[in-house]
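Peer 1: Got a structure for you, questions after.
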Amino acid sequence: MAGAIAEAERNVFLVDDDNDVRGELETALSLRGFAVQGFGDGEAFLAAQDALPGGCVVLDLNMPGLSGIDVQTALAERDSAHKVVMLTGSGSIPTAVRAMHAGAVDFIEKPFGIDELVRAIGRALTQQRQALREASRRRDAQAQVERLSERERDVLAGMVLGLANKIIAYRLGLSVRTVETYRAHVMDKLAVRSLAEAVQIAIDADLAPRGDILRTDPAA
């Protein structure tokens, strides 16, 4: 995942039907150290998107065929990690709001200075790095939790809820000593030394109690 994060740090994908504008931006951004790839329309970009590395997508709002908003919507439907900066020569406040609500990092009106675009791309790439790190942490946590037995996950869920061992034992129908043993196994398998570390891994893994297994009254 470290490689994927590093790879995404300088990638920019320009989607604009104006060949002159796209060519000028490709040159300007390349001179700023970005790895730039251009597309003449939204359809061409979406056809290639699955095979592209991470990066920032600079989208023209008004294009024949799929508009920038259409492409942005398609990226969201694909749960794409690509971050979007939207460009327009005829923008409006409602359109800008719609783009931002759909997940665009920034919305820039033409004409603009290249420094303004570079700053927006920088923000987009920073957000992507953060998202990739969070996704990596989530996958690692889920893999760690998967190493636990079902009962150990139940005990960990109780730990996340802040329950004392005797309460976990009561709600799971176990002895306190058995819960203490499971808890020790949890700490060992997760390779942590503190409750806070174990709870953080469980939270990162989106661990939730199985059904009503930790309900207040087991007899209910």
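Read the figures in this text as sums done on the coordinates, not as results from a lab. What you see is a predicted model; the values in this text were computed from it and never measured. All Cβ positions, even for glycine, are placed from backbone atoms using ideal geometry, and neighbour counts span all protein chains on display.
Peer 1: For a quick check: with amide H placed at 1.01 Å from N, whose amide H comes under 5 Å from ILE108's, ignoring anything fewer than 5 positions away on the same chain?
Peer 2: MET86, LEU87, THR88
Peer 1: What does segment 147-204 give for Rg and for Dmax, in Å, if only its C-alpha atoms count?
Peer 2: Considering segment 147-204 through its Cα atoms, Rg and Dmax are 10.2, 29 Å.
Peer 1: Now for a different question. What Kirkwood radius, in Å to one decimal, follows from the Cα pairs of the chain?
Peer 2: Hydrodynamic radius (Kirkwood, Cα only) of the chain equals 20.3 Å.
Peer 1: Could you check what % of the DSSP bridge pairs in segment 2-138 are antiparallel, to the nearest 5?
Peer 2: 0 percent
Peer 1: Now a separate question. Using amide H atoms built in the peptide plane, which far-off residues or other-chain residues are under 5 Å from LEU14 H to H?
Peer 2: GLN37, GLY38, PHE39, VAL58
Peer 1: Where does each of 158-164, 48-54 land if you order them by average Cβ count within 10 Å, highest first?
Peer 2: Descending mean neighbour count gives 158-164, 48-54.
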